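Right, one structure below, let's go through it.
The values are calculated or read from the model by the stated rules, or taken from the named source; none is laboratory data. None of these values were measured; they are calculated from a predicted model. Using ideal geometry, Cβ is built from the backbone for each residue, glycine included, and neighbour counts are taken over all protein chains shown. Protein only, heavy atoms only, side chains kept; ligands, DNA and RNA dropped before computing areas. Shrake-Rupley method; radii C 1.70, N 1.55, O 1.52, S 1.80 Å.
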Amino acid sequence: MKVLVIGAGAIGACAALRLAEAGAAVTVMSRDEPLTTLSAHSFGWANAIDEKNEAYHSLSIEALEAQRRLVADVGVAPRWLFEHGNLHWGDDEASAAAQRDIASGYRELGYPVEELTVAEAAALEPGLAFAGVVGPVYFYPRDVHVLGDVLLPAVLDKARAAGARILVGAEVSSLDEVRGSYDAVLCCAGRGNVDLLPGLPLLEPGAPERLTRGLLVRTTPVAEPVTRIVHAPGLSIRPHTGGRLVLHCHDLDRTLTDGGDTGAVAQQVLSRLPAVLPSAADAEVEHVFAGVRPMPRDGMSVVGPVPGQDGVYVIATHSGLTLGPVLGEIAAREALGEPDPLVEQFRLTRFA
């Protein structure tokens with residue numbers, strides 16, 4: 001079976017690997033270098049997603065297992081998956097109550113949450129200030145973080161070794177130009193899927209319904225980096241390679257606009273770091289990435305065949321690095337004729 005995968009982000013790379021392993025003749029076409037994709041710059045926090053949707057939660061739980069399967073199957077250094085958990089806390093009564101409600105929701109789903117004192121949390125991350133904590137510090141031990149810029153080259157190299165052709169700089173402007181040459185075409189191009197499938201139900205950049213724009217700041221190396229995901233009030237931190245940190249602020253994402261000064265926003269993000277991690281007070285901005293999430297209108301993934309286009313399959317979702325390994329597995333199976341009930345609720349037909 002000849003399969004074309006369009007896009008070499010996390011989903012396309014994982015799908016290509018699983019298809020090649022299953023014996024398909026796989027070609028990957030990517031307009032962009034893999035390390036310039038959204039996947040390579042993702043915050044990379046993978047957890048059980050509680051959007052009050054049982055199917056989405058089940059998919060995210062399986063995604064955590066798929067992350068581990070991918071590491072075991074690719075089996076190369078350096079590491080990209082770190083199973084160190086996530087710390088989260090509030091600094092006033094309202095945020096503490098919100099954290100309590102979030103933790104309760106996860107517990108009801110059977111997902112482990114621990115309540116730590118400040119001293120216990122400081123034992124896990126001695127460099128954090130934990131100033132003004134209200135309520136407990138919540139620790140989610142099953143949460144993981146993923147380094148997309150480490151994962152992508154390793155997975156694509158493994159796919160090549162399994163027989164896949166990876167063509168970078170090969171833009172597909174229309175499905176009509178490729179469909180006749182392949183038995184199946186997988187559209188895994190993030191927001192680029194809209195160019196291939198006009199009418200795909202993705203939100204426009206800046207849509208008020210959901211947060212589509214995002215900005216991530218990578219710092220210069222710091223003396224005492226954190227070792228796990230940290231969600232402090234107003235600032236999220238993820239460890240990166242070489243003692244660097246990746247920083248994110250949800251509230252500042254809401255200030256992003258087309259053509260806006262991302263450098264100024266990055267400095268605002270960085271200015272919040274010393275209050276959370278005092279030893280990083282001399283950190284500087286090393287890299288800034290601003291992107292637009294491929295966000296379906298209802299916030300849930302789009303996975304499956306495209307109605308009316310025989311042999312065409314699409315995956316469109318935010319959290320592509322989180323869900324990539326499991327969606328790659330599922331897409332490979334479905335392209336080869338094995339429907340997966342785990343994604344039955346995520347078909348395009350729900351928007352009809």
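For (1) open to solvent by less than 50 Å² (accessible area, probe 1.4 Å); (2) of a type in the set (A, V, I, L, M); (3) within 21 Å of Gly324 (Cα to Cα); (4) without any contact (Cβ under 8 Å) to a residue 60 or more places away in the chain, each residue gets a yes or a no:
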{"residue": "Leu167", "(1), (2), (3), (4)": "no, yes, yes, no"}
{"residue": "Ser181", "(1), (2), (3), (4)": "no, no, no, no"}
{"residue": "Leu196", "(1), (2), (3), (4)": "yes, yes, yes, no"}
{"residue": "Leu202", "(1), (2), (3), (4)": "yes, yes, yes, no"}
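So, in the range 326-341, of the ones that are assigned to a helix (DSSP H, G or I) and touching a strand residue (DSSP E or B) at 6+ places or on another chain (Cβ under 9 Å), which residue ends up surrounded by the fewest Cβ atoms within 10 Å (Cβ to Cβ)? Even if it seems obvious, please write down each step before you answer.
Within the range 326-341, the subset assigned to a helix (DSSP H, G or I) is 326-335, 341.
Narrowing the set further to residues that are touching a strand residue (DSSP E or B) at 6+ places or on another chain (Cβ under 9 Å) leaves 327-328, 330-332, 334-335.
On the way: Leu327: 30, Gly328: 28, Ile330: 26, Ala331: 30, Ala332: 25, Glu334: 19, Ala335: 24.
Per the criteria, the residue is Glu334.
Only one residue in Arg254, Arg244, Arg218 is within 24 Å of Gln99 (Cα to Cα) and open to solvent by 10 Å² or more (accessible area, probe 1.4 Å). Which one?
Details: Arg244 fails: within 24 Å of Gln99 (Cα to Cα); Arg218 fails: within 24 Å of Gln99 (Cα to Cα).
Unique residue meeting the criteria: Arg254.
Mind telling me which of the residues Leu323, Leu277 ends up being under 30 Å from Ala129 (Cα atoms) and touching a residue at least 40 places away in the same chain (Cβ under 8 Å)? Give the derivation first.
Details: Leu323 fails: under 30 Å from Ala129 (Cα atoms).
After applying the criteria, what remains is Leu277.
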Unique residue being open to solvent by less than 20 Å² (accessible area, probe 1.4 Å), touching an Asp or Glu at 6+ places or on another chain (Cβ under 7 Å) and closer than 30 Å to Val76 by Cβ when the list is Val226, Val185: Val226
Pairs where the first residue, in the range 65-86, is over 17 Å from Trp45 (Cβ atoms) and the second is β-branched (Val, Ile, Thr) and open to solvent by less than 70 Å² (accessible area, probe 1.4 Å), C-beta under 7 Å, 6+ apart: Val74/Val155; Pro78/Val150
Restricting the range 134-165 to residues that are crowded, with 19+ Cβ neighbours inside 10 Å and over 24 Å from the mean Cα position of the chain (by Cα), which is nearest to Glu329 (Cα to Cα)? Val137
Step by step: first the residues of the range 293-316, then only those that are of a type in the set (Gly, Ala, Ser) and assigned to a strand (DSSP E or B), then the one that is surrounded by the fewest Cβ atoms within 10 Å (Cβ to Cβ). Which residue is that? Gly304
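I need the full set of residues from the range 116-133 which are assigned to a helix (DSSP H, G or I) and open to solvent by 10 Å² or more (accessible area, probe 1.4 Å), in order please. Outline the logic, then answer.
Taking the range 116-133 as the starting set, the residues that turn out to be assigned to a helix (DSSP H, G or I) are 118-124.
Scanning the range 116-133 gives Val118, Ala119, Glu120, Ala122, Ala123, Leu124.
Run down Ala103, Ala63 and say which single residue is touching a strand residue (DSSP E or B) at 6+ places or on another chain (Cβ under 8 Å), more than 30 Å from Leu17 (Cα to Cα) and open to solvent by less than 20 Å² (accessible area, probe 1.4 Å). Before you say what the answer is, go through the steps one by one.
Working: Ala63 fails: more than 30 Å from Leu17 (Cα to Cα).
The unique qualifying residue is Ala103.
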